[in-house]
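The values are calculated or read from the model by the stated rules, or taken from the named source; none is laboratory data. Worth saying up front: this structure is predicted, and the values here are computed from it rather than measured. In this analysis, Cβ positions are derived from the backbone assuming ideal geometry, glycine residues included, and neighbour counts consider all displayed protein chains. Note: accessible area is taken over every heavy atom of the protein model, side chains too, but ligands, DNA and RNA are not part of it. Shrake-Rupley method; radii C 1.70, N 1.55, O 1.52, S 1.80 Å.
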Amino acid sequence: MKDRAAAAAAAERSVEERYSQWKSLVPVLYDWLANHNLVWPSLSCRWGPQVEQATYKNRQRLYLSQGTDGSVPNTLVIANVEVVKARVAVCLSIFQFNEESRSPFVKKSKTIIHPGEVNRIRELPQNSNIVATHTDSPDVLIWDVETQSNRQPVLGATPSRPDLHSSCMVFDDLIPIIWQILTGHQDNAEFALAMSPTEPFVLSGGKDKSVVLWSIHDHISSLAADQGAQKSPGSKGVAANGKPEGTTVQARGIFQGHEDTVEDVQFNPSSAMEFCSVGDDSCLILWDARTGSSPVVKVEKAHNADLHCVDWNPNDVNLILTGSADNTVRMYDRRNLTSSGVGSPVHIFEGHTAAVLCVQWSPAKASVFGSAAEDGILNIWDHGKVKRTENSGSPPGLFFKHAGHRDKVVDFHWNAADPWTIVSVSEDGEKTGGGGTLQIWRMIDLIYRPEEEVIAELDKFKDHLLTCSTS
């Protein structure tokens, strides 16, 4: 017991030393950073649309989960973030922050009382007001954050209802959709969730070892039909308030091939019919809904442990990332995989000391991606620089380590509207006197810009730098 306690104390000191060193380097490494102490732990954070643009900063929506201890309800939070533009923040302002304080850049705008803990949030690309959530149940919940009421999360408050009775949503083809609960899993589906960038399709995975696909377009015109029939209040299909009762949306397809829990899923960025999944069976599976419900490619032993996360490159659809409990990130080229599952990763990225929980490609550059892990580090990689950095003393391809969290980083998201800005969330509440830490940050552009550009810019200030060094 004493040895275990001593090891824990040493690990704690190491984390604090690492954090102190990181904080001292913030003015040098970051163009902007906002640190926000959360009241309750969060498992998911996602950028929403920009809502306002100004000279020095933009206002953007942020979705955030809050899991409580039961004294108040679990919530889905919609916040507005003031995203400071590049080269505007003063280094002093980003260095001087209190870990136990809320950030003035993050302001809560709406709270939705969620039926159960919010484990995963995903936004619908075809409609910026629609998000899907996973909780500890077999269902996927769909929310229109614009029409949902702002609720006070007090003990005993009834959960907000997914938009079973909201007005029909309309896409470009003018087909009305009623937002419902998506059913199809036979056991809890807690984490694996994705939205297609090309069509309003939803993908999910769960403990039933299955991957389930829905087309929200499959549930068309129910509200219009009910209204056309002019049913009386309280009759079947209409609630007493005159709004239609919810009906469930059945799955377009259920895909079997995993031998254990499906932990993450992702669509091919160019096709709603192609997708991939990873699970606790250490498998990476590629699917095509047009060819049936069996795997197209099943890579067994894709890692040496459970797989936690997967992402498909939006700028190069041949490349797929996986992250695992074996502490590594692996990059696969689907052209090198066969139906028998034969194929090796293009590269294995080794830079974490604990399980990798989240991987995501950068929207700004096809070769760049991030990985977050239980070691409290969010690494930024460039697979195009692997060979150039093999003898650098650092893991090949690694070019930035975000060490601003002091416990496991459970989620992060690149900002597509401001591509080098990242939001990340961690479970370090015990160290910050809160529920965890939300950070919004952007590394200084001298780190990621082409080398020739950086040299040219620094050359402009060469005389000034030389004068300062001799004075």
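Gln126 - would you say it is within 13 Å of Ile440 (Cβ to Cβ) and either touching a residue at least 40 places away in the same chain (Cβ under 8 Å) or under 19 Å from the mean Cα position of the chain (by Cα) (or both)? So Gln126 does not fit the description; no. Scanning the range 266-281 for residues that are surrounded by fewer than 22 Cβ atoms within 10 Å (Cβ to Cβ) and either of a type in the set (Gly, Ala, Ser) or touching a Leu at 6+ places or on another chain (Cβ under 7 Å) (or both) gives Ser270, Ser271, Ala272. Across the range 435-459, the number of residues qualifying as over 20 Å from Ala416 (Cα atoms) and touching a His at 6+ places or on another chain (Cβ under 8 Å) comes to 1.
Taking the range 1-42 as the search range and keeping residues that are in contact with a Lys or Arg (Cβ under 6 Å, 6 or more places away or on another chain) and within 18 Å of Ile377 (Cβ to Cβ), which one is modelled with the lowest pLDDT? Per the stated criteria, the residue is Val15. Under the condition of being more than 28 Å from Phe400 (Cα to Cα) and among the hydroxyl-bearing types (Ser, Thr, Tyr), which residue from the range 449-471 is modelled with the highest pLDDT? Selected residue: Thr467.
Restricting the search to the range 361-378, which residues are among the hydrophobic types (A, V, I, L, M, F, W, C) and either touching a residue at least 60 places away in the same chain (Cβ under 8 Å) or not in a strand (DSSP E or B) (or both)?
Ala364, Ala366, Val368, Ile377
Checking the structure you have, find out if any residue of the range 74-87 is in contact with a helix residue (DSSP H, G or I) (Cβ under 9 Å, 6 or more places away or on another chain) and surrounded by fewer than 18 Cβ atoms within 10 Å (Cβ to Cβ). Yes, because at least one residue in the range 74-87 is in contact with a helix residue (DSSP H, G or I) (Cβ under 9 Å, 6 or more places away or on another chain) and surrounded by fewer than 18 Cβ atoms within 10 Å (Cβ to Cβ).
Here's the yes/no breakdown for (1) part of a helix (DSSP H, G or I); (2) surrounded by fewer than 17 Cβ atoms within 10 Å (Cβ to Cβ):
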residue: Val26; (1), (2): yes, no
residue: Trp32; (1), (2): no, no
residue: Leu43; (1), (2): no, no
residue: Arg46; (1), (2): no, no
residue: Val51; (1), (2): no, yes
residue: Thr55; (1), (2): no, yes
residue: Leu62; (1), (2): no, no
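When the range 366-412 is examined, which residues are found to be more than 15 Å from Gln439 (Cα to Cα), of a type in the set (Val, Ile, Thr) and open to solvent by less than 10 Å² (accessible area, probe 1.4 Å)? Passing the criteria: Val368, Ile380.
Scanning the range 193-212 for residues that are over 19 Å from Pro162 (Cβ atoms) and buried (at least 22 other Cβ atoms within 10 Å of the Cβ) yields Ser196, Gly205, Ser210, Val211. Taking first residues from the range 383-401 that are closer than 15 Å to Phe369 by Cβ and partners that are open to solvent by 40 Å² or more (accessible area, probe 1.4 Å) and among the aliphatic types (A, V, I, L, M), the Cβ contacts under 8 Å between residues at least 6 apart in sequence or on separate chains come to His383/Val346; Phe399/Ile447; Phe400/Leu29; Phe400/Ile447. Within the range 107-147, how many residues turn out to be open to solvent by 20 Å² or more (accessible area, probe 1.4 Å) and either part of a loop (DSSP other than H, G, I, E, B) or over 28 Å from Ala417 (Cβ atoms) (or both)? Looking only at that region, the number is 14. Looking at the range 9-17, can you tell me whether even one residue there is open to solvent by 30 Å² or more (accessible area, probe 1.4 Å), farther than 19 Å from Ala372 by Cα and among the hydroxyl-bearing types (Ser, Thr, Tyr)? No: the range 9-17 contains no residue that is open to solvent by 30 Å² or more (accessible area, probe 1.4 Å), farther than 19 Å from Ala372 by Cα and among the hydroxyl-bearing types (Ser, Thr, Tyr).
Among the residues of the range 323-337, not a single one is open to solvent by 10 Å² or more (accessible area, probe 1.4 Å), among the small types (Gly, Ala, Ser) and under 13 Å from Val297 (Cβ atoms).
Yes or no, residue by residue, for (1) touching a Ser or Thr at 6+ places or on another chain (Cβ under 6 Å); (2) among the aliphatic types (A, V, I, L, M):
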| residue | (1), (2) |
| --- | --- |
| Val84 | no, yes |
| Arg87 | no, no |
| Val90 | no, yes |
| Asn98 | no, no |
| Thr111 | yes, no |
| His114 | yes, no |
| Arg122 | no, no |
